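What follows is a single structure, written as structure tokens, with notes after it.
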Amino acid sequence: MPQREDRASSSSGSSSSGSDNEARKASKSKASPEDRRKRRHSNSPDNHGRRKAADERRAPRDTRPMVPAQDPQEMARARGKTNTEPEMLFTRAGGAYIPPARLKAMQAQIQDKSGKAFQRMAWQSLKKSINGFINKVNIPNIQSIVIELLGVNLVRGRGLFARSCMKAQAASTTFTHVYAALVSIVNTKFPQLGELILKRLVLQFRKCYRRNDKQTCLNSAKFIAHLVNQQVAHEVVALEVMTLLLEKASDDSVEVAIAFLKECGMYLSEVSPRGLHAIFERLRSILHEGEVEKRSQYMIEVMFAIRKDGFKDHPAVLEGLDLVEESDQITHLIALDEEINPETGLDVFKFDPDYQANEDRYKEIKAEILGDSSDDEDGDDEDSDDDDDDDDEAVSAKRVAHGHDSEPEAKIAKSGQ
């Protein structure tokens with residue numbers, strides 16, 4: 001009997017331990033993995049030692065104010081490794097912006113007028129002047145803006161002028177006709193500028209056409225169309241653009257072609273009616289064959305209606321922008337398939353060893369274009385009236401717009417800027 005009782009007690013004990021193990025397993029299975037990880041992490045002896053070591057290593061909180069990092073150039077001068085002072089145009093700002101008054105004061109402090117520092121400051125001033133003139137040009141003040149533009153060295157800043165015109169036109173395409181008129185006036189005196197802008201526009205149009213960049217391609221096409229209207233670009237350029245766009249017709253290419261044809265269709269109907277007829281025949285075949293979607297087909301139908309009305313709602317040159325005589329204009333022909341050098345090196349500063357001589361040459365060119373009255377304005381401002389100044393400005397504008405002065409191309413080539 002005692003043996004049976006021991007066996008019973010041992011069996012009861014094993015059954016109770018088994019039930020406890022099962023309950024423990026059930027509770028573990030019900031707990032989430034995150035809770036089990038936290039339980040193991042908090043109960044481990046290593047965790048207690050880790051917390052104690054972290055508390056010992058933790059330093060008291062630093063309540064001192066934060067001090068900005070020192071300039072490396074100042075630290076180098078403090079150590080005696082350099083004694084040169086930092087220049088404003090070469091500092092961390094990179095010459096991004098210097099107020100005009102401060103820039104003039106810095107130029108006045110420089111003794112060497114042909115040094116690199118002075119030329120860089122003059123380049124920054126030239127860049128700001130050209131950008132400012134182009135940004136504020138419109139139909140009423142275009143003649144005065146042209147006179148102010150010719151007052152700065154456009155031969156040296158021809159890359160800046162081309163870049164600023166293209167950038168302004170891309171930002172506000174509704175003023176494309178104004179920028180084209182500005183380029184046409186400047187082109188009569190400096191044909192290199194008109195040719196440079198046309199080269200860059202044709203190159204940009206080709207690249208955007210290959211990349212399927214419709215918006216940039218549309219902006220470039222509009223600018224080219226208005227240069228054709230102003231006779232800066234030859235009408236062959238417009239026909240080549242239309243042929244390229246309609247050769248493999250798609251919805252985007254038809255849209256760009258229609259927008260291009262609206263801008264220069266009236267001028268093409270006057271100078272090249274056969275070429276315009278061939279373009280409309282190609283549009284007719286695209287419409288009948290159904291190569292494009294309904295939206296593009298509707299645009300083609302609207303274009304035929306515009307042609308029937310004689311492009312009366314889309315004039316080639318707006319009133320007030322026909323400022324150049326046809327005999328004075330210089331037309332450039334740039335083929336779409338030829339190699340084009342955009343001359344991007346003209347957009348950046350380069351040191352000119354013959355800086356003062358080139359500046360004197362441009363002053364002579366400016367005097368021939370604007371007349372001697374522009375040189376005497378500074379000495380006679382106090383004695384002259386406002387009406388006389390307005391009359392002189394109007395006379396100078398007419399001289400510039402209608403090209404009554406001698407052409408300065410030979411002197412520009414000699415200057416070599």
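For the stretch 197-211, the count of residues that are under 16 Å from Thr173 (Cβ atoms), open to solvent by 20 Å² or more (accessible area, probe 1.4 Å) and touching a residue at least 40 places away in the same chain (Cβ under 8 Å) is zero. Checking each residue in the stretch 283-313 for being surrounded by 15 or more Cβ atoms within 10 Å (Cβ to Cβ) and touching a residue at least 40 places away in the same chain (Cβ under 8 Å) picks out Ile286, Glu291, Val292, Ser296, Met299, Ile300, Met303, Ile306, Arg307, Phe311. Within the bounds of the stretch 217-235, is there any residue that is among the polar types (S, T, N, Q), part of a helix (DSSP H, G or I), open to solvent by 10 Å² or more (accessible area, probe 1.4 Å) and without any contact (Cβ under 8 Å) to a residue 12 or more places away in the chain? No, the stretch 217-235 contains no residue that is among the polar types (S, T, N, Q), part of a helix (DSSP H, G or I), open to solvent by 10 Å² or more (accessible area, probe 1.4 Å) and without any contact (Cβ under 8 Å) to a residue 12 or more places away in the chain. The condition of being at pLDDT below 95 and open to solvent by less than 40 Å² (accessible area, probe 1.4 Å) holds for only one of Lys214, Lys189, that being Lys189. Quick check: anything in the stretch 357-371 hydrophobic (A, V, I, L, M, F, W, C), open to solvent by less than 70 Å² (accessible area, probe 1.4 Å) and part of a loop (DSSP other than H, G, I, E, B)? No, that holds for no residue. Selection of first residues in the stretch 164-178 that are open to solvent by less than 10 Å² (accessible area, probe 1.4 Å) and of second residues that are acidic (Asp, Glu), restricted to Cβ pairs under 9 Å at least 6 apart or on distinct chains, gives the following pairs, ordered by first then second residue: Thr176/Glu263.
The values are calculated or read from the model by the stated rules, or taken from the named source; none is laboratory data. From a predicted model like this one, the values you see are computed outputs, not experimental measurements. Backbone-built Cβ (ideal geometry, glycine too); neighbour counts: all protein chains shown. Heavy atoms of the whole protein, side chains included, go into the accessibility calculation; ligands, DNA and RNA do not. Shrake-Rupley method; radii C 1.70, N 1.55, O 1.52, S 1.80 Å.
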